[in-house]
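Heads up: the structure comes next, in structure tokens.
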Amino acid sequence: MASTHVGHTSMEYLPTPAQCAPLSVLALQLLADLQAWTAKHPRVKATPVAAMALSTATISPWRTLHELRWCARICVWAYALDDYTEDEAVTETQLDEILTRCSAVVRTGVPDTAHPLLDALSEIQEQFSRFPLYPALADLWTDRFDRCMQGLRYDWRTGHARSQCPGQEFPVADYLEHKDSSLVWTTHMPRWISSTDPCLPSRLDALVPALDDFATAVRLANDLGTIGWESGQNGQNNVFMYGVTPDWVRRERDARVTAGRARLAPLLAENNPAAIESVRLAEWAVAFYDLADFRDAHTSRPTPAEDAAPG
């Protein structure tokens, strides 16, 4: 007998309602928490908090609100920072000031209330410092946060240079070198910081290079999902602006997911939670950006992401 389908998904592979219920409850708890927190931080309120809550819960469905609330909050903060760099940072001096001060908050732990984004980050960083694993992860957190800020600088400078001098070419290798503009480390490493697994720091030899692979995959997945509107705005920086094809982007994206998964194979065999979360991050991003973008997550696309990509 032919299988019954909902859309393109065979019903036999759908999770049961009972299996979906815990994820739904966790997502709703995170959403309520984000709504309350953003009410105190209006600068980050105009972000897609529902999508952030759902994605945080989907990647780590077995964890609790207590463990995940600060992970979700920094996702909202990172989205607001990205918006600031794209929409409000008019000069490079203005950009450098906010990014340098963000790095100082993370590096020193000294609160900075000079800007609403700095005020929100100061609260987040203060909480991170209270988690038991933070001392063991502090140097890595500081380093990767700095790399994310450098990635945002690169995107801003390159995007504005291309807008001011149309036709100017940049090597795609430079773009991939600055993959951390995707802010994956900023938004995902807090799952490690908030982890209750005391053995996690001893697994960094595998976790760190795997997350680097996944950060590249997420960067490229995002580019596939956003080129449709980014190509029409000045100052944007997307991998498709480097002369590559959609097929190349998909191959590179999928290769990075495969490489990261291979690095984590021994940990996955042990059902290591941090490894599972990292793989789920990559798989979620690839699937999500094939369907939507955080800016239009309330709508669905009639065709796959390749229709939005130049080809």
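Here are some notes:
- Relative to the current alpha-carbon distance between LEU28 and LEU176, full extension at 0.36 nm per residue lengthens the span by 49.7 nm.
- Converting phi to 3J(HN,Hα) with the Karplus coefficients 6.51, -1.76 and 1.60 and the offset θ = phi - 60°, segment 168-183 yields 5, 9, 10, x, 5, 4, 5, 4, 5, 5, 9, 4, 6, 4, 6, 6 Hz in sequence order, with x at every glycine or proline.
- Scattering profile of segment 148-303 at q = 0.10, 0.20 Å⁻¹ [log10 I(q)/I(0), Debye over alpha-carbon scatterers]: -0.39, -1.27
- Span-like helix ranges in the chain, DSSP H, alpha carbon extent 20 angstrom or more, Kyte mean at least 0.0: 17-40, 204-230, 273-291
- Net charge of neighbours whose Cβ lies under 12 Å from the Cβ of LEU176, counting Lys and Arg as +1 and Asp and Glu as -1: -3
- Computed from the alpha carbon atoms alone, the convex hull of segment 58-177 holds 133 Å³ per residue.
- Stokes-Einstein diffusion coefficient of segment 194-283, Kirkwood radius over Cα pairs, 25 °C, 0.890 mPa s, in µm²/s: 171 µm²/s
- q = 0.12, 0.15 Å⁻¹: log10 I(q)/I(0) that the Debye formula gives for segment 129-238, counting C-alpha atoms only: -0.49, -0.70
- Correct choice for mean projected area of the Cα convex hull in nm² that was computed from the model, options (1) 16.1; (2) 20.6; (3) 17.0: (3)
- Relative contact order (%) - the chain, alpha-carbon pairs under 8 angstrom, separation at least six: 17 percent
Read-outs throughout are calculated quantities, based only on the coordinates presented, and are distinct from any laboratory measurement. Keep in mind that this is a model prediction, so the values were computed, not measured. Cβ sites come from the backbone with ideal geometry, for glycine too, and all protein chains shown count toward neighbours.
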